[in-house]
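First comes the structure, then the notes that go with it.
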Amino acid sequence: MTYIDNGDEKMRQRKWIYSSLVFLLALTLLLTGCSEEPIIEEKAKPINTMTISEETRPVNLEYFGIVDSSVIKRYSFKSPGRLALNHVDKGDQITKGQLLAELDRTELNFALEAAEQSLVKAQVANNDALDMFGKVQVLYEEGFSSQRDLDLARLDMEVKGASLAQARVDLDYKQSMLNEAYLRADMDGYVLKTLVQEGEITDAGYPVIVVRSSNQLINIGLTQQDLSKIQIGTLATILTDDWETRGEVARIDQFPDRESRTYNAEIILTDVDEINQFYLGSTCRVRLDVGEENGIWIPLTAVLNDGQDYVYTVEDDRALRQYIKINNSRKSQVLIEGLEAGEELIIEGLNKLADGSLIRREGS
């Protein structure tokens with residue numbers, strides 16, 4: 001009978017297990033080394049594009065403008081008196097020739113009557129002087145009157161003639177004062193203020209009613225840099241939130257404002273609209289047409305920025321980042337440098353792109 005030591009048996013079992021584990025590990029490593037890494041397919045990002053081309057577009061300068069009236073008038077009477085009737089009120093629209101106000105004419109009528117009577121007396125006196133001179137002249141020619149008598153008759157005739165002329169002038173003046181008791185508008189416009197109430201006394205030349213013309217203008221302050229680009233007659237577009245109209249530059253100051261150092265320019269409205277009127281003192285945007293510029297215009301929404309403006313174009317079905325320079329803008333379009341006509345610009349799907357991203361045009 002052979003005796004087997006249990007310790008040796010256990011040792012042989014451990015060696016066998018260890019050898020088996022080493023073999024399995026080696027086999028696993030061998031099989032792993034021979035296998036290929038898994039391939040992850042790149043997903044194309046959907047985009048929309050446009051083909052870039054050169055275009056000629058108008059070049060504009062944009063300013064903020066302040067609305068003013070082309071004419072503001074202060075109507076007054078030529079003679080003092082009591083205001084009898086005021087025919088308009090603040091905010092009323094008026095037309096040329098419309099009666100605005102009138103003075104009490106009682107005293108003016110008295111003055112006119114007195115002037116008429118003075119004229120009648122002067123006419124009688126002048127006729128008498130003419131008749132007397134004629135008689136004295138006949139007597140002088142026949143030798144019955146002296147040279148002194150003729151000279152005195154001539155002098156009296158001249159004095160009476162001057163008095164008649166003065167009486168006529170006074171009558172015309174009194175008639176004019178009566179006519180001026182009626183205050184009439186000499187332009188179309190709107191009443192800004194009424195400064196005298198009915199029954200109040202007003203002095204000659206004191207403003208009674210303030211009116212602005214219906215013709216409006218826009219004031220803008222041109223910078224010295226833009227001054228050379230603008231001239232009388234330059235066309236402009238005036239814009240508000242509600243509507244827009246057309247105008248042209250009518251005047252440019254030759255000296256700058258002391259505070260702003262800008263040159264005031266007046267723009268008159270050429271597309272007159274009686275319904276749409278600006279409020280005096282309101283602000284608006286003024287776009288001045290200063291010529292044309294040729295170049296590449298792209299949508300502003302296609303421009304991104306990482307500290308510098310750039311866009312994505314397409315090259316071999318991949319997004320290519322290209323840096324650009326913006327030279328001008330108008331509404332949603334920008335004039336740029338850095339791209340060439342014929343390139344394909346990505347305009348939609350930009351937020352998920354990176355330089356080199358695989359792209360797929362939507363609809364393809």
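The values are calculated or read from the model by the stated rules, or taken from the named source; none is laboratory data. These numbers come from a predicted model, not from an experiment. FYI the Cβ positions are ideal-geometry reconstructions off the backbone, even for glycines, and counts take in every protein chain you see.
Among the residues here, PHE133 does not qualify as exposed (fewer than 12 other Cβ atoms within 10 Å of the Cβ) and out of contact with any Cys (no Cβ under 6 Å at 6 or more places or on another chain). Are any residues in the stretch 89-127 of a type in the set (D, E, K, R) and within 30 Å of ALA162 (Cα to Cα), and if so, which ones? Scanning the stretch 89-127 gives ARG105, GLU107, GLU113, GLU116, LYS121. Scanning the stretch 61-113 for residues that are over 24 Å from the mean Cα position of the chain (by Cα) and hydroxyl-bearing (Ser, Thr, Tyr) turns up TYR75, SER76, SER79, THR95, THR106.
Listed here are the residues, each with its yes/no results for (1) out of contact with any helix residue (DSSP H, G or I) (no Cβ under 9 Å at 6 or more places or on another chain); (2) crowded, with 17+ Cβ neighbours inside 10 Å; (3) β-branched (Val, Ile, Thr); (4) under 29 Å from GLU248 (Cβ atoms).
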site	(1), (2), (3), (4)
GLY281	yes, no, no, yes
LEU288	no, yes, no, yes
ILE324	yes, yes, yes, no
LEU335	yes, yes, no, yes
ALA354	yes, no, no, no
ILE359	yes, yes, yes, no
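Taking the criterion of being modelled with pLDDT of 90 or more and outside any loop (DSSP other than H, G, I, E, B), the residues of the stretch 343-359 that qualify are GLU344, LEU345, ILE346, ILE347, GLU348, LEU350, LEU358, ILE359.
Here VAL67 does not fit the description of being surrounded by fewer than 17 Cβ atoms within 10 Å (Cβ to Cβ) and among the β-branched types (Val, Ile, Thr). Are any residues in the stretch 293-319 within 22 Å of LYS331 (Cα to Cα), more than 28 Å from the chain's Cα centre (by Cα) and of a type in the set (A, V, I, L, M), and if so, which ones? The answer is ILE296, ALA302, VAL303, LEU304, VAL311.
Restricting attention to the stretch 86-95, the residues that are touching a Leu at 6+ places or on another chain (Cβ under 8 Å) and either outside the structural domain of LEU192 (by TED's automatic domain parsing) or not in a strand (DSSP E or B) (or both) total 3.
Results for (1) touching an Asp or Glu at 6+ places or on another chain (Cβ under 6 Å); (2) within 22 Å of GLY199 (Cβ to Cβ); (3) assigned by TED's automatic domain parsing to the domain that holds ASP203, shown as yes or no for each residue.
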{"site": "ALA84", "(1), (2), (3)": "yes, yes, yes"}
{"site": "GLY97", "(1), (2), (3)": "no, no, yes"}
{"site": "GLN117", "(1), (2), (3)": "no, no, no"}
{"site": "VAL124", "(1), (2), (3)": "no, no, no"}
{"site": "VAL159", "(1), (2), (3)": "no, no, no"}
